[in-house]
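Asks: Pasting a structure below so you can have a look.
The values are calculated or read from the model by the stated rules, or taken from the named source; none is laboratory data. Quick caveat, the model's predicted, so the values are computed rather than measured. Virtual Cβ from ideal backbone geometry, glycine too; neighbours counted across all protein chains shown. Note: accessible area is taken over every heavy atom of the protein model, side chains too, but ligands, DNA and RNA are not part of it. Shrake-Rupley method; radii C 1.70, N 1.55, O 1.52, S 1.80 Å.
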Amino acid sequence: MSEDHHESETHVLMFPCPAQGHINCMLQLAELLVLSDIHVTVLNTEHIHQRLLRFAEIPSRLAAYPTLHFKTFSDGLPSDDPRRQEDYVGEQIKQVNLMAMPRLREICVEASGKPRFSCIIADGIFGRLTNEVGQELGIPVVYFRTISACSFWAYFCAPRLFESNELPIRGEQDMDRMITSIPGMENLVRCRDLPSFFRANHKSHIPLEPVVFETHQSLRAQALILNTFEDLEGPVLSQIRHHFPRFYALGPLHAHLNSRKATKTMSSETSPPSFESSLWEVDRSCMTWLDAQQPKSVVYVSFGSITKISRDELMEIWHGLVNSKKRFLWVIRPGMLSEKEGQDPPMDLVEGTKERGRMVGWAPQKEVLAHVAIGGFMTHCGWNSTLEGVAAGVPMMCWPYFADQQINSRYVSEVWKIGLEMKDVCDRKLVEEMVNDLMVERRQEFEKSTQAMATLAKTSVREGGSSYSDFDRFVQFLKSAREIDGSLFMK
Ligand code: UDP
């Protein structure tokens with residue numbers, strides 16, 4: 001099918017950030033849009049596209065989606081550059097900001113000189129870049145921030161926290177001080193719970209200023225999307241709506257996609273199989289292993305696509321899991337350890353893992369979390385993982401690494417009360433205790449709260465639910481954006 005624009009069709013360009021978590025939810029949104037008769041072109045870096053071709057069965061699945069296209073641009077790094085995932089915000093974003101502009105200009109305009117797309121949906125991390133392109137070419141821009149609403153709002157409110165002298169954080173001894181002046185989350189978060197970029201010394205090399213700057217760029221977009229839902233982050237969403245009149249909460253997107261596809265199937269329209277968007281080879285053998293386990297007997301351990309762990313941290317978590325005597329499935333991603341393996345692990349760990357554990361390089365996470373054998377999720381609280389845990393109704397124990405994970409983890413434990421958190425420490429005794437709390441001691445309490453939240457998540461993405469209705473409004477907006485395009489701009 002031609003990619004050029006026809007007056008009668010709505011064709012959007014989607015521009016994700018080149019990292020697993022960002023791509024997953026952007027492609028879920030792309031699929032939802034295609035199912036709503038919107039044509040979509042996704043612009044990825046060549047490196048990401050090659051990995052999707054290799055691990056995500058894109059070519060075979062694309063046949064079922066004639067109105068979905070992929071385009072690429074070079075991130076400017078040689079193809080054999082390791083593109084270290086832990087530095088993705090610093091290094092990769094810098095590269096994209098440097099390299100993407102000419103390609104964006106080129107593909108956004110047809111040979112006739114007319115804009116090819118009726119709208120650009122960009123990862124809000126690229127606020128300045130895409131806003132410039134949109135302004136120049138007369139194409140409306142929508143920002144999709146792939147983080148939680150609570151972290152987006154914390155970044156947004158950073159200037160006011162400095163003005164009221166609540167920031168900066170004054171060293172380690174200040175970490176437990178309560179933050180009082182973020183509207184909608186008064187007295188809920190301590191300095192320790194603010195996204196990691198608020199700390200002077202954190203594990204990535206990202207200063208707070210550019211993060212806050214890009215967040216404020218969202219004010220210049222024609223609309224803002226978040227992957228969340230009303231019943232999860234309502235008080236914060238009310239605050240966000242004061243500043244962003246055209247705002248859509250569409251999540252959890254993975255559950256939303258399943259819900260819309262199920263409706264299509266019921267109405268006897270066939271919907272094509274979803275394509276996975278893994279950047280690593282998925283090891284499905286863990287599903288067979290899970291099939292052989294008792295219901296709710298396994299802790300699933302995964303720290304996402306960016307987290308690095310030291311050998312000491314690995315040993316603490318490993319000892320804690322083995323000492324808990326519970327069964328565990330642990331994703332140890334290639335390159336996840338920050339140091340080269342030293343000496344062999346102690347025999348008790350090897351034996352304990354042989355008896356009760358399973359380790360894989362990359363798992364089909366959403367399927368794992370939905371498996372009856374899973375009773376708990378030890379997570380870094382990346383936003384996709386958090387939403388996947390929420391929707392599956394699995395209690396979480398959180399060990400946040402960076403960015404929004406610190407505040408997500410606080411919300412899991414103290415606001416939604418669907419799990420526990422282990423923040424700024426990594427201790428085998430605590431891991432053991434938390435696993436036992438989650439799986440045994442407080443199991444009933446967490447079963448109640450997680451099931452209640454999972455029901456709210458499912459309701460939000462069913463017909464009549466808040467995210468379902470917001471998506472319908474969003475599609476209406478996209479379909480009318482072409483008619484009103486120029487006037488949508490806030491100069
Ligand atoms: N994921 C996966 N298999 C794994 C580990 C993670 O499919 O073995 C997926 C997970 O389902 C989630 C994404 O990778 O959708 C990670 O995104 P998240 O926002 O949780 O964390 P990030 O990787 O950005 O830190």
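Asks: I'd like the Karplus ³J(HN,Hα) series for segment 296-303: coefficients 6.51, -1.76, 1.60, θ = phi - 60°, whole numbers in Hz, and an x wherever there's a Gly or Pro.
Replies: Values, residue by residue: 6, 9, 10, 8, 8, 10, 8, 10 Hz.
Asks: Also: What accessible area per residue, rounded to a whole number of Å², is obtained for the chain using a probe radius of 1.4 Å?
Replies: For the chain, the solvent-accessible area averages 39 Å² per residue.
Asks: Tell me, what % of the accessible area of the chain is carbon and sulfur with a 1.4 angstrom probe?
Replies: So the carbon and sulfur contribution to the accessible surface is 52 percent.
Asks: Right, next: Please give the peptides 352-364, 386-398, 245-257, 61-73 ranked by average Cβ packing (other Cβ atoms within 10 Å per residue), highest first, as a rough proxy for protection. Don't skip to the end; give the middle numbers.
Replies: On the way: 352-364: 17.4, 386-398: 25.6, 245-257: 23.0, 61-73: 15.8.
Highest-to-lowest ranking by the protection proxy: 386-398, 245-257, 352-364, 61-73.
Asks: Report, to the nearest 10°, how far helix 311-324 tilts away from the longest principal axis of the Cα atoms in the chain, using its own Cα long axis and a range of 0 to 90°.
Replies: For helix 311-324, the angle is close to 60 degrees.
Asks: Taking a cut-off of 24 Å between Cα atoms, list the lysines near LYS417, but don't count ones fewer than 8 places away on the same chain.
Replies: Cross-link targets: LYS296, LYS326, LYS366, LYS429, LYS448, LYS458.
Asks: For the chain, give the share of DSSP beta bridges that are antiparallel, in percent and rounded to the nearest 5; count only bridges with both residues there.
Replies: 5
Asks: For the chain, calculate the relative contact order in percent as a whole number, restricting contacts to Cα pairs under 8 Å that are 6 or more residues apart. The partial results should precede the final answer.
Replies: Numbers: 862 pairs, mean separation 85.8, N = 491.
Here the relative contact order equals 17 percent.
Asks: In degrees, nearest 10, range 0 to 90: what is the angle between the Cα axis of helix 230-243 and the longest Cα principal axis of the chain?
Replies: Helix 230-243 sits at roughly 40 degrees to that axis.
Asks: Then there's this: Take every Cα pair under 8 Å in segment 410-474 that's 6+ residues apart, average their separations, divide by the length, and report that relative contact order as a whole percent.
Replies: Over segment 410-474, the number comes to 21 percent.
Asks: Further question: Once you charge only the Cβ atoms, +1 for Lys and Arg and -1 for Asp and Glu, what is the size of the charge dipole of segment 361-480 about its Cα centre, to the nearest 20 debye?
Replies: So the dipole magnitude of segment 361-480 works out to roughly 280 debye.
Asks: What's the Cα-based Rg to Rh of segment 16-86, Rh via Kirkwood?
Replies: That ratio equals 0.98.
Asks: Hey, what do the phi angles of segment 444-459 turn into as Karplus ³J(HN,Hα) couplings, whole Hz, using 6.51/-1.76/1.60 and θ = phi - 60°, x for Gly and Pro?
Replies: 5, 4, 6, 4, 4, 5, 6, 5, 4, 5, 5, 5, 4, 4, 5, 4
Asks: For VAL141, which sequence-distant residues (separation of 5 or more, or a different chain) have an amide H within less than 5 Å of its own amide H, given hydrogens modelled in the peptide plane?
Replies: It is ILE120, GLN222, by chain and number.
Asks: Here is a further query. Please identify the GluC sites (Glu not before Pro) of segment 396-464 that satisfy two criteria: DSSP loop assignment and at most 14 other Cβ atoms within 10 Å. Which are they?
Replies: Taking segment 396-464 and a limit of 14 other Cβ atoms within 10 Å, the loop GluC sites (Glu not before Pro) found are GLU463.
Asks: Using only Cα atoms, what is the ratio of the radius of gyration of segment 305-421 to 2.2 N^0.38 Å?
Replies: 1.07
Asks: Separation of segment 211-230 and segment 310-353 by C-alpha centroid, Å?
Replies: Here the answer is 38 Å between Cα centres.
Asks: How large is the dipole of the chain about the Cα centre if only Lys and Arg carry +1 and Asp and Glu carry -1, each at its Cβ, rounded to the nearest 20 debye?
Replies: My answer is approximately 440 debye.
Asks: Under a 5 Å amide H to amide H cut-off, with H placed in plane at 1.01 Å, what residues pair with ASP123 once short-range neighbours are removed?
Replies: For ASP123, the qualifying residues are PHE15, CYS17, PHE144.
Asks: Using amide H atoms built in the peptide plane, which far-off residues or other-chain residues are under 5 Å from HIS69 H to H?
Replies: Excluding prolines and chain starts, which carry no amide H, the hits are VAL40, THR41, VAL42.
Asks: Provide Rg over Rh for the chain; use the alpha carbon set for both Rg and the Kirkwood Rh (inverse mean inverse pair distance).
Replies: 0.95
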